[in-house]
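The values are calculated or read from the model by the stated rules, or taken from the named source; none is laboratory data. Worth saying up front: this structure is predicted, and the values here are computed from it rather than measured. Every residue, glycine as well, gets a Cβ built from its backbone with ideal geometry; the counts of neighbours run over all protein chains shown.
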């Protein structure tokens, strides 16, 4: 065999010689398509000789020795809080805590490696809404926290408990020259204080223990929201002093605030006396009990329910569910009970986005309005997520889910035989209207059934046909895709978990993966629909799903545009009588089209598509579901009609 045929490759001397002769010409040579290695066969390279030398060399002895660190104690505190996961993008400012998690407690809480801080926080957001408790997140000083802020703001608007931490070096004389200066701050919490419920910067380990427990309790007490702890690097890394004096506080049982009994009794009188009472809800259900309690109240009254779907509040096919018939229902309502509503004004009024913005009330002007919730207990002056002020007749402060049993009991006490008969007659009318509404939804879903691009109705119907007999959980949905709520039979607390809260793009993909992680231990089949615009903000979330083997069927609703913005731009152009020819500039994702299945494969995810023929959709879903049921994530790229 000649040296040139040596399968072991070029020798070091020949490499140096060849590199000198080749100059820059070598960079122009591209590998052929035949030489490309399939993603599934690629393996991570082992450590090179330099890394091996570093890892096998005995460490230099530190002048100060230690057998434990502050990070060890921090991990011990987390164990008492039942925090199962710690999402992070590794960084030097929390290396002490990172090492303690790995070696002091055998990777507990389990570290979730995330390519971006926004991904890590959004995963915690989605996880909390399914599992009912937070996972932890930690970031690197001010730069990591700035990456995380959009996801934290989404969680704030959605009133979801996210347990955030940031590494920091407070004392100037302890900062290493260079990056540690530009990555540190006196008060990193100032970045997010307008959209966190509470934050602190512990200066001792005892201070940390008390603040860590307080942060968990604050985050989990309604109204829930993100919290933030700034952890000094030296506090994490240095030896523990006076360990015997340290005490981990007891978390204790947390109870949600219940509305005033007298006010609930007054609300019950109004509801029982009403001819057409209506219940409107948004972020009501915190636990599986929330939906059960709302069903009991609605069935006792046999009244209409309008679900804004901020959580899984009410079964989608329940005879009293009037969510897609809200106009006629509100026009007849004489008493409206709004529970945990974020934007009551927006439900009661129809807004017209024209040259002169206007609105008209869709609810009866003399309808009695009763609110029940904790929304007013947590608002900020700067960020306007609290929506327009709505006049009400009775405002009851208390957690909606926790207050429902007392309210229902008050209602039952007031229902005599005469009112019960009237309620039953009302319920039958609503049930008939619900059946007609379902028939209308099925009929409308068939419009353009065989069209390409594929309609969102067919996309959702094809998915449901294959998962309806499974224990499924829909954890993400593209903007304005209402078909699952119109067509699917949603009746379990985990079959829907709400939206982003702040409508921030980049939420759907990582939050869906976080929710899928929560579903994994329960053996549920997790499904999500996500827009292509959202996907492009945080595609690295796919790697986290692949690396941690989080099973999820993720379907890209690929309309190749930021379609909502395209429509807004078309409206502006039409308003100015300039035509809509140019409105695709800056609003579309074409030239070139993005192949999301190929992107997924690059991250180690099973991918199919782009699918343009509706006849190819069902077989692709079947293949992808087989992958998900095997315990791995899968993605389908569906080229869809815009809405």
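Structural remarks
- Identification of helices (runs of 4 or more DSSP H) wholly contained in segment 284-348 with 3 or more residues that are more than 25 Å from residue 418 (Cα to Cα) and over 21 Å from the mean Cα position of the chain (by Cα) yields 326-332, 344-348.
- Of the residues making up segment 403-417, just one is closer than 20 Å to residue 257 by Cα and without any contact (Cβ under 8 Å) to a residue 24 or more places away in the chain, namely 409.
- Candidates 508, 519 - the one that is in the same structural domain as residue 559 (by TED's automatic domain parsing) and touching a residue at least 60 places away in the same chain (Cβ under 8 Å): 519
- Segment 131-170, residues that are within 19 Å of residue 198 (Cβ to Cβ) and part of a helix (DSSP H, G or I): 145, 148, 149, 151, 152, 153, 154, 155, 156, 157
- Hey, residue 375 modelled with pLDDT under 95, out of contact with any strand residue (DSSP E or B) (no Cβ under 8 Å at 6 or more places or on another chain) and farther than 29 Å from residue 559 by Cα or not: yes
- Candidates 256, 215, 265, filtered to the one that is in a helix (DSSP H, G or I), touching a helix residue (DSSP H, G or I) at 6+ places or on another chain (Cβ under 8 Å), within 29 Å of residue 342 (Cβ to Cβ) and modelled with pLDDT of 95 or more: 265
- Search result, residues across segment 177-188 that are surrounded by fewer than 21 Cβ atoms within 10 Å (Cβ to Cβ) and assigned to a helix (DSSP H, G or I): 179, 180, 181, 182
- Residue match in segment 544-552 (condition: in the same structural domain as residue 469 (by TED's automatic domain parsing), out of contact with any helix residue (DSSP H, G or I) (no Cβ under 9 Å at 6 or more places or on another chain), surrounded by fewer than 18 Cβ atoms within 10 Å (Cβ to Cβ) and in a loop (DSSP other than H, G, I, E, B)): no
- Which numbered condition residue 82 misses (of (1) closer than 30 Å to residue 289 by Cβ; (2) modelled with pLDDT of 95 or more): (2)
- Segment 192-209, subset outside any loop (DSSP other than H, G, I, E, B) and touching a strand residue (DSSP E or B) at 6+ places or on another chain (Cβ under 9 Å), residue surrounded by the most Cβ atoms within 10 Å (Cβ to Cβ): 208
- Test result for residue 570, touching a helix residue (DSSP H, G or I) at 6+ places or on another chain (Cβ under 8 Å), assigned by TED's automatic domain parsing to the domain that holds residue 517 and part of a helix (DSSP H, G or I): yes
Per-residue answers, yes or no, for (1) within 19 Å of the chain's Cα centre (by Cα); (2) assigned to a loop (DSSP other than H, G, I, E, B); (3) assigned by TED's automatic domain parsing to the domain that holds residue 477:
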{"residue": "83", "(1), (2), (3)": "yes, yes, no"}
{"residue": "87", "(1), (2), (3)": "yes, no, no"}
{"residue": "90", "(1), (2), (3)": "no, yes, no"}
{"residue": "96", "(1), (2), (3)": "no, no, no"}
{"residue": "101", "(1), (2), (3)": "no, no, no"}
{"residue": "105", "(1), (2), (3)": "no, yes, no"}
{"residue": "112", "(1), (2), (3)": "yes, no, no"}
{"residue": "119", "(1), (2), (3)": "yes, no, no"}
{"residue": "126", "(1), (2), (3)": "yes, no, no"}
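- Per-region count, segment 275-305, residues touching a strand residue (DSSP E or B) at 6+ places or on another chain (Cβ under 9 Å), farther than 21 Å from residue 258 by Cβ and surrounded by fewer than 24 Cβ atoms within 10 Å (Cβ to Cβ): 2
- Residue 637 being assigned to a strand (DSSP E or B) and either closer than 18 Å to residue 561 by Cα or assigned by TED's automatic domain parsing to the domain that holds residue 524 (or both): yes
- Residues located in segment 596-613, provided they are loosely packed, with under 15 Cβ neighbours inside 10 Å and over 25 Å from residue 113 (Cα atoms): 613
- Pairs, first surrounded by fewer than 10 Cβ atoms within 10 Å (Cβ to Cβ) in segment 577-590, second assigned to a loop (DSSP other than H, G, I, E, B), C-beta under 9 Å, six or more apart: 590/560
- Residues satisfying the stated conditions in segment 378-419, i.e. exposed (fewer than 13 other Cβ atoms within 10 Å of the Cβ) and part of a helix (DSSP H, G or I): 413, 417, 418
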